[in-house]
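Since the structure comes first, as structure tokens, the remarks are kept for the end.
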Amino acid sequence: MKTRRDERTEMDFQQIKPYPETAWNSESFGCQKSRPEQGTLIKLLQGGDPLPWNRANEAVPVSMIEDPTPAEIKQRLKDNKDETHWDENQYNAGSLNKWGLIYFYLTVFGKGICTIISPLFAVYMIVFPFFYESVTLSELIDIVLVYILFILLPSALIWGYAEASERGYLSMPWFMKAVKHFTFSRSTGKVTRYKNNKELYSHPFSEFDCYLVSSPSHQGILSYQLHLVHRYHRYSDSIPLHTFTTSEQPDELKRIWNLIQRYMDTSQPMPDVPELEPARAKDPTTAAWDAQNNRKPNYWFSMDDDEFAEALLELQAEQRFKPSLGPEIDLFNGGTQA
């Protein structure tokens, strides 16, 4: 059983090479302008005061990293020729357009037809004559032909093309376009929001505030969302950080804010999560930290599914009684005067 490494104390991380001046650094930053005064309605919509800014600790949202597993990530990297939405430079959040989503569901349906329905259909056609002796052989052949031509063959073509395109043997369908939602750039320190694949706004990470918003459901149960809002503009589109996880637990959402700050902070190593394992050696601060602390290069990727599940349970137990956020920092008075 591979256990999670012992929690280590904070230290100064030697950087292999400098980052651009625009990158976020929680140890050296310019003082931000004061937050503009906001009315009661805006505060209500944003959930009151924002969560504090922090020098992030090692806490990560387990509900976010439990899926996909390391084995699934390795297979996805292999299928996509090492292309990924999250690396040492940038995190990209996006989704398929509506036609892409329709095609995706068709491929799922087609796979179900080929792998589940068709074998059951074959068994049914074998036993069918024993229950309906009046059915002739020619009628059975007609039923089978109709099924093959109008159900099995189209399903097999849709599913087969999807599998071949995912493995790089065929090009992706022209309508399978990704819709970009937002990006976090560790290398430049910028956060960018998109709408209809066009840039809506882009600002330095330090100009955003994170709001934990609660609202009651029809049953009176509170549900929570996490939004990143630009401090100095009242854009109608915020950045929905709660989409990082299916959990609505406040502590897990706070850990997402902690993880984002950790990822963007070039004075600290990137969050220790499976999806970033291939990128750790390529990031200066992270590579230096790993070397100094003898972290296994394949800590996550060496685990099988059972070991991964146990590691997550251990991590969850470790974090239960530890802060979800690191020590607070003062963006407005604690930085270097610009």
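Here, each number is a calculation from the coordinates, and none is a lab measurement. The structure displayed is predicted, hence computed values, not measured ones. So basically every Cβ, Gly included, is an ideal-geometry build from the backbone, and we count neighbours across all protein chains shown.
Values as computed for the structure displayed
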{"read-out": "Antiparallel content of DSSP bridges confined to the chain, in %, to 5", "value": "95"}
{"read-out": "CD proxy at 222 nm, helix term only [per DSSP H run n ≥ 4: -39500 (n - 2.57); per residue of the chain; nearest 500]", "value": "-10500 deg cm²/dmol"}
{"read-out": "Signed unit charges on C-beta, dipole axis of the chain, positive-most listed residue 246, 267, 30", "value": "30"}
{"read-out": "Part-to-part distance (alpha-carbon centres) for the stretch 180-203 and the stretch 290-338, which is given in Å", "value": "25"}
{"read-out": "Mean Cβ count within 10 Å, highest first, over the residues of peptides 255-265, 65-75", "value": "255-265, 65-75"}
{"read-out": "Values of log10 I(q)/I(0), in the order q = 0.13, 0.15, 0.19 Å⁻¹, for the stretch 99-166 under a Debye, Cα-only, solvent-free model", "value": "-0.45, -0.56, -0.75"}
{"read-out": "Efficiency of FRET between residue 318 and residue 82 - r from beta-carbon atoms, R0 35 angstrom, step 0.05", "value": "0.65"}
{"read-out": "Whole-Hz couplings from phi, Karplus 6.51/-1.76/1.60, listed for the stretch 265-274; x for Gly and Pro", "value": "7, 6, 7, 10, x, 5, x, 8, 10, x"}
{"read-out": "Residue 305-residue 138 pseudo-label distance in nm [points 7 Å out on the Cα-to-Cβ vector]", "value": "5.0"}
{"read-out": "Debye log10 I(q)/I(0) for the chain, one point scatterer per Cα, at q = 0.06, 0.10, 0.12, 0.14 Å⁻¹", "value": "-0.31, -0.73, -0.97, -1.23"}
{"read-out": "The chain: relative contact order in percent, alpha carbon pairs under 8 Å with at least 6 residues between", "value": "36"}
{"read-out": "Listed pairs 195/322; 78/180; 180/254 exceeding 27 Å between Cα atoms", "value": "195/322"}
{"read-out": "Of 194, 312, 105, farthest towards positive along the dipole that unit charges on Lys, Arg, Asp, Glu beta carbons give the chain", "value": "194"}
